[in-house]
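See structure below.
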Amino acid sequence: MTTFHSSKFPVLIVGGTGKTGRRVAKRLAALGLPVRIGSRQGTPAFDWENPDTWAVALEGVSAAYITYYPDLAVPGAADAVGELARLAVRKGVKRLVLLSGRGEPEAQRAEQALQASGADWTIVRASWFAENFSESFFREPILAGDLALPVQGVREPFIHADDIAEIVVAALTDTRHIGELYEVTGPRLITFAEATAEIAKATRRDIHFTPIPHDVFMQGLAADGVPDDVAALIDELFRSVLDGRNEYLTDGVQRALGRAPRDFAEFAQAGAAAGVWEQVK
Ligand SMILES: NC(=O)c1ccc[n+]([C@@H]2O[C@H](COP(=O)([O-])OP(=O)(O)OC[C@H]3O[C@@H](n4cnc5c(N)ncnc54)[C@H](OP(=O)(O)O)[C@@H]3O)[C@@H](O)[C@H]2O)c1
């Protein structure tokens, strides 16, 4: 392993309390490497909406893991990622690892902006995370016993956030990952109905999946108090990314880590054992 940064200088993890960032931070800390959490709650704070916060967050760091929020599919995301990457390089922070998404034109523009920034880059271009069912917007419906989404039979190779985190840590600590674009997926294409059934089986609960039209989905989001712009973003992701364009497997995890990715069944069993789908009383 060729390490490239001194353990004296922290690694900036933008989105360091999020699904992948939290796991990257934990692993780097376990290796004895200092981390700086880049988020609105971090010290110093990092806010994608406020570019004035970016330079301070980059001060004195050795490398950065960049996750954009809310989603790289949002217009303007690529410009923001490019601006941050160029600022980092100007400040001498050349080692940059970007979390990207599959089949999203704006995400691919963000990748190009990073590649053109002069950074020593690595890109992890991921499929949908399994953790959307346990740590994000699918968790509440799963708890309620009915996940209703505007998708029919499309299959997605859900990836475990732990697999992403392991690749990011490898990329941040080993120079052989510089210039690599890892498109990563889980090992199996499954429908949302099959994913729900895996969780039902693991938790031994009745949990149904119901395909619904887009307008009914949007009405449900509005009734749950989801702001219009966020609802529109979520609906757009279902319309665009889940139209079949991503219905294929890739070998990114194998290439980066030399092993197969974790399966969704393993995710469901571990989550059930840890009680992530139990109601907090
Ligand atoms: N979820 C998926 O299935 C998936 C798949 C492929 C790619 N991606 C990509 O992964 C990225 C992250 O998505 P995610 O859904 O997994 O979210 P996430 O990483 O779980 O997002 C939460 C993190 O973002 C931070 N955050 C929120 N607003 C922020 C702001 N204005 N400025 C700075 N940090 C902010 C939060 O911290 P604070 O609240 O403290 O600010 C928290 O650390 C997106 O770019 C998405 O395109 C996601």
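The values are calculated or read from the model by the stated rules, or taken from the named source; none is laboratory data. These figures come from a predicted structure and were not determined experimentally. No Cβ is skipped: glycine too gets one built from the backbone with ideal geometry, and neighbour counts run over all protein chains shown. The accessibility values were calculated without ligands, DNA or RNA, using every heavy atom of the protein model including side chains. Shrake-Rupley method; radii C 1.70, N 1.55, O 1.52, S 1.80 Å.
Here is how the numbers come out for the structure above:
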| read-out | value |
| --- | --- |
| Solvent-free Debye scattering, log10 I(q)/I(0), computed from the Cα coordinates of the range 113-214 at q = 0.14, 0.24 Å⁻¹ | -0.65, -1.25 |
| Under the Debye formula (equal points on every Cα, no solvent term), log10 I(q)/I(0) of the range 22-80 at q = 0.24, 0.26, 0.29 Å⁻¹ | -1.10, -1.20, -1.31 |
| All aspartates and glutamates inside 15 Å of K19 as judged from Cα atoms, apart from same-chain residues fewer than 8 positions distant | D71, E131, E135, D162, D163, E166 |
| Kirkwood hydrodynamic radius (C-alpha pairs) into Stokes-Einstein, the range 68-166, 4 °C and 1.567 mPa s, D in µm²/s | 86 µm²/s |
| Estimated FRET transfer efficiency when R0 is 25 angstrom, pair D224-Q152 (beta carbons, to 0.05) | 0.65 |
| nm² value of the averaged projected area, convex hull over the Cα atoms of the range 170-266 | 9.0 nm² |
| Solvent exposure ordering (accessible area, 1.4 Å, most first) of R90, R139 | R90, R139 |
| Cα centre as origin, Lys/Arg/Asp/Glu Cβ charges: the range 33-97 dipole, Debye | 380 debye |
| Separation of alpha-carbon centers, the range 245-281 and the range 67-137, rounded to whole Å | 22 Å |
| V280 paired with R255, simple spin-label distance in nm, labels 7 Å along Cα-to-beta-carbon | 4.0 nm |
| Within the chain, percent of DSSP bridges classed antiparallel, to nearest 5 | 5 percent |
| The range 175-270 - percent relative contact order, Cα under 8 Å, separation 6 or more | 50 percent |
| Computed accessible area, W277, all protein chains, 1.4 angstrom probe, square angstrom | 10 Å² |
| As computed over the chain, the Cα convex hull volume per residue (Å³) | 132 Å³ |
| Spatially proximal aspartates and glutamates relative to K201 (Cα-Cα < 16 Å; intrachain offsets below 8 disregarded) | D146, D263, E266, E278 |
| Those trypsin sites (Lys or Arg not before Pro) in the range 10-62 that DSSP places in a loop and that have at most 15 other beta carbons within 10 Å | R40 |
